[in-house]
Structures are given as structure tokens and as C-alpha cells.
Amino acid sequence: MSSGSKKVIYAALIGNGLIAISKFTAAAFTGSSAMLSEGVHSLVDTGNQVLMLHGLRKANRKADSKHPFGYGMELYFWAFVVAILIFALGSGISLYEGIKHIRHPETISDPTWNYVVLGLSMLFEGWAWTVAYKEFQSTKTEKGLWRSIIRSKDPTIFTVLLEDTAAMLGLIAAFVGIFLAQWLGIPELDGAASVVIAIILGVVAIVLAFECKGLLIGESASDDVVDGIYAIVAEDPRITGVNELLTMHMGPRDILVNVSLDFADNLQAAEVENAISAFETQIKNRFSEVKRVFIEAQSLIGHRESIKSKT
């Protein structure tokens, strides 16, 4: 279990919990639709952090006879549940509240409460976002933020980062909506801000669901890991060819490796066995996230025949 992941989740949990209470209090005093939507948003985020911690605990269980590769992928399942909750609860309720207040607008009684809470919320969310961003930066392996999110195997970090980004954008939308509703005397704009918040949450939920789906189906290791493993086996003089190299993430830091190798014909059985053991040791020493290595000794012709028989 990553201590960095837990740190990010706990930071978001504390921040969102305090923010949710503040937003609901402000919504009760002012009747603001945007503030109520933001309160629901923060409450959903708080629940999501609890689910992520639950997922981390479940994923950390040791492998057993029924789950010989461990429970690491359970974390991906709970991250997918989080994406559904953001869409169904966060986006759905915000959209409902927004449409309701556009059709039946209510004048905000005292917007001062809203401005104070929004200001404090931006401070809390900014702190939580900074923690998540720093941790994400320390673990990313790709250039560019978006590409790093796509290739990331740890949903705890990129989920919190996207959630906090959505929260900051939602706070800006709420502030603009409340301010314009008061300044222009058009209370419908408060409801419109809720609709914007719903759209922001919907987009984030779709992105998270798409990323978690890929992890649940099974994603390969990063190019650096794959290329490194290939170099270890391909450059060895005992190997005449790499028939196939397959990798799969069973968890954020749990990689399964399967390799089909064509060994030199002059090697004895004991020499092949020693080579396989040496390759496994080298791979695990170089890449600590590789937990299981399966190496198959097979000629190129035999490998091709086995593939044809499956098609």
C-alpha cells in the first residue's frame, strides 16, 4: 500500500468534510442553489474518499487459493464505483437543483455567507489539490499532465486530483453565478451555476469511468518497464529470440510478466532452468513493482503454431 496514496486521500477527506459542512450551512441561510449543489458535491467527494480508503484496505489483502494473483484490482473496482457516484449523485443532484431553481428562482437572502464559505473552500480545496498534485508529479512517468493521467496505474491519486480540480472549477462557477445573480438581479443565474457544476462533475465522472474501465480490463506496464524487461532477456547470448512479452497491472504496484523465449539449441535443460531463474531475479531487482514472472521456453515455430491453434 502506498503511503503517498493514503496521504492524498486523507488530505482530501479532511478538506471535503469541513467544506461540505460549511457549504450546507451557507445554503441553509441563503437559499442558494449553487451553494447547495456545491455542498452535495463536497459530501459526495467525502464519501468517495472513504470508498477509496476501503478499496486500498481490500486491495492489500494477501493472495489465497481463490485469488492467486491477489486482490490488487479491487482498488480499480472501487475507483469505478467512485466515478459512478460522482455522475449519479454529484452531477445528477446538481443538475436537478439547477433546473429547479431556473424554473422557480429564489432570491438569495444574504450572499455574504456564500462569499465567506466559497473563499474558505477555495483555500481548503487548494491545499488538498496541491497535496494531490505533488504526489502525482512524484509518481508520473510520462510527459504532460493528461498523458500521465491516462497512463497512471494508481486511481487513488488521479481520482483525487481530478475531483479536486472539478471542485475548484465548481467553486469558481458557484462564485460567478451567485455574484451575477446578485449584481444583475437575475436569480436564475444561481440555478444556471448549478447546471454548470453538474456538467463539470459529469465530464470528470466520464473521464474517471473510462480510465478505471481500462484498468479493470487490464493494462500493460509502462513503456519503460516493457522495454527494460525486453532488454534484459533479448540481449542475453543464451536467447535467440523473444517470441512474446506480455505484462499486466494487477494493482498500482503489482505487475504480472509473461515471456515466451526461444533459447539456443545447444543449451542443456539445467542451463535453461538457470537462465530462467536468473532472468526472473534480474527483472524483479530492476523493477520492484514486478511481483510475478512466468517464463516459457519455446521455439519461434512452436510459438506461432500455438497462436494459430487458438485462432
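Throughout, read-outs are computed from the coordinates displayed, never taken from laboratory work. Small disclaimer: the values here were computed from a predicted structure and weren't measured. So basically every Cβ, Gly included, is an ideal-geometry build from the backbone, and we count neighbours across all protein chains shown.
The ranking of ASP265, ASP45, ASP236 by Cβ neighbour count inside 10 Å, starting from the fewest, reads ASP265, ASP236, ASP45. Across all directions, the average projected area of the convex hull around the alpha carbons of segment 223-310 is 6.0 nm². Remark: the ALA88-ILE217 segment gains 44.2 nm on full extension, using 0.36 nm per residue and subtracting the alpha carbon distance. A straight chain from ILE172 to ASP265 at 0.36 nm per residue would run longer than the Cα-Cα distance by 26.7 nm. Within 14 Å, Cβ to Cβ, of LEU89, how many net charges do the neighbouring residues add up to if Lys/Arg are +1 and Asp/Glu are -1? In short, -4.
Dimensions of the chain from C-alpha coordinates, computed as largest minus smallest value along each principal axis and given longest first, are 87, 38, 37 Å.
Could you give the nm distance between label points at ALA234 and ASN258, where each point is 7 Å from its Cα heading toward the beta carbon? So the label points at ALA234 and ASN258 sit 2.0 nm apart. A cut-off under 13 angstrom between Cβ atoms defines the neighbours of TRP129, and their net charge, with Lys, Arg +1 and Asp, Glu -1, is -4. Backbone phi angles across segment 6-13, fed through the Karplus curve with coefficients 6.51, -1.76 and 1.60 (θ = phi - 60°), yield HN-Hα couplings of 5, 4, 4, 5, 5, 4, 5, 4 Hz in residue order; Gly and Pro are listed as x.
Compute the angle between helix 92-103 and the longest alpha-carbon principal axis of the chain, please, reported from 0 to 90 degrees and rounded to the nearest 10. Roughly 30 degrees, rounded to the nearest 10.
With each label modelled as a point 7 angstrom along the Cα→C-beta vector, the ILE206-GLU244 pair spans 3.6 nm.
If you take every DSSP beta bridge fully contained in the chain, what fraction is antiparallel? Give it as a percent rounded to 5. Percentage antiparallel, nearest 5: 60. Other residues with beta-carbon under 9 Å from the beta-carbon of ASP45 carry, at +1 per Lys or Arg and -1 per Asp or Glu, a net charge of -2. State which entries of LYS23/LYS100; LYS66/LYS153; LYS58/LYS213 exceed 22 angstrom in Cα-Cα distance in the structure shown. Cα-Cα > 22 Å for LYS66/LYS153; rest within.
Placing unit charges on the Cβ atoms only, positive for Lys and Arg and negative for Asp and Glu, gives the chain a dipole magnitude near 500 debye about its Cα centre. Counting neighbouring Cβ atoms within 10 Å and putting the fewest first, the residues SER32, SER288, SER222, SER65 line up as SER65, SER288, SER222, SER32. Between HIS54 and ILE150, the simple label model (points 7 Å from Cα in the Cβ direction) yields a spacing of 3.2 nm.
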